[in-house]
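The structure appears right after this line, and notes come after that.
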Amino acid sequence: MATSGTYAYNPSLGELTLYAFNLCGIRNTALLQEHMESARMAANMLLGRWSSQGVNLWCVDLQSIPLVQGTATYSVPSNTIVMLDAYVVQNTGGAAINRLILPISRSEYASYPNPNQQGFPTTYWFDRLLSPTVTLWPVPDGNEVSFDYYRVRQIQDSEFQNGQQVEIPYYFVEAFAFGLAQRLAMVWAPEKVAILKPLADESYDIASRQNIETAQQYISPMVSSYFRP
């Protein structure tokens with residue numbers, strides 16, 4: 001069987017845009033500068049929607065913030081969509097120990113009678129501003145090294161220059177093409193929207209089913225009340 005033997009298929013935004021316009025019934029030779037401007041806007045709007053729809057595993061990374069005694073609030077990169085797992089790194093006898101801490105809401109943080117209390121942090125409040133911050137409680141007392149957290153960051157911008165590719169994995173390429181075609185049809189071929197929307201929704205649904213981690217799940221019922229001394 002003759003096959004390519006390669007796994008490098010990753011079309012550029014330009015190629016995907018041409019295909020998306022073709023799905024709208026618009027030939028390549030009919031495209032003007034205004035079509036491409038519309039496509040650039042639609043592509044980035046689509047990626048923004050995907051960033052808000054769920055945890056895109058390819059955009060998960062690990063961040064670390066050095067902790068300072070007596071300082072509760074720290075800046076977070078503005079491209080952070082949401083924090084996932086977080087832990088404080090403690091240096092004990094030369095060995096780094098990670099201790100998981102849990103998120104709280106603004107209301108719960110506001111209910112603390114002494115927000116300046118120092119100790120080992122056990123909770124954090126992620127304030128999702130345009131310039132986001134994270135606030136730890138209790139406030140670090142100097143026995144901690146860093147606050148480390150996994151986060152979902154936004155998908156990188158898509159541009160046409162130099163044949164740039166879209167920051168998506170292989171199994172999301174079709175979903176992107178149909179999603180882009182649907183958005184372009186709303187401007188350039190309204191009669192095709194009813195056809196393209198179910199195809200875009202189906203493609204995204206199929207791709208998103210693979211955008212998960214495979215791991216064991218354990219359910220432990222509370223049985224202590226059945227055993228009394």
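The values are calculated or read from the model by the stated rules, or taken from the named source; none is laboratory data. Everything quoted here is computed from the prediction, not taken from an experiment. With ideal geometry, Cβ positions are generated from the backbone for all residues, glycine too; neighbour counts draw on all protein chains shown.
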Has the stretch 96-106 got any residue that is part of a loop (DSSP other than H, G, I, E, B) and either at pLDDT 95 or above or of a type outside the set (Asp, Glu) (or both)?
yes
Here are some residues: 193, 152, 187. Which one is buried (at least 16 other Cβ atoms within 10 Å of the Cβ), assigned to a helix (DSSP H, G or I) and among the β-branched types (Val, Ile, Thr)?
193
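Determine which member of the set 27, 40 is surrounded by fewer than 11 Cβ atoms within 10 Å (Cβ to Cβ), among the charged types (D, E, K, R) and more than 30 Å from residue 137 (Cα to Cα). Don't jump to the end; show me each part of the working.
On the way: 40 fails: surrounded by fewer than 11 Cβ atoms within 10 Å (Cβ to Cβ).
Of 27, 40, the one residue that is surrounded by fewer than 11 Cβ atoms within 10 Å (Cβ to Cβ), among the charged types (D, E, K, R) and more than 30 Å from residue 137 (Cα to Cα) is 27.
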Scanning the stretch 1-21 for residues that are over 18 Å from residue 168 (Cα atoms) and exposed (fewer than 14 other Cβ atoms within 10 Å of the Cβ) gives 1, 2, 3, 4, 5, 6
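Matching residues to (1) surrounded by 12 or more Cβ atoms within 10 Å (Cβ to Cβ); (2) assigned to a strand (DSSP E or B); (3) over 25 Å from the mean Cα position of the chain (by Cα):
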{"residue": "36", "(1), (2), (3)": "yes, no, yes"}
{"residue": "51", "(1), (2), (3)": "yes, no, no"}
{"residue": "65", "(1), (2), (3)": "yes, yes, no"}
{"residue": "70", "(1), (2), (3)": "no, no, yes"}
{"residue": "81", "(1), (2), (3)": "yes, yes, no"}
{"residue": "85", "(1), (2), (3)": "yes, yes, no"}
{"residue": "88", "(1), (2), (3)": "yes, yes, no"}
{"residue": "124", "(1), (2), (3)": "yes, yes, no"}
{"residue": "142", "(1), (2), (3)": "no, no, yes"}
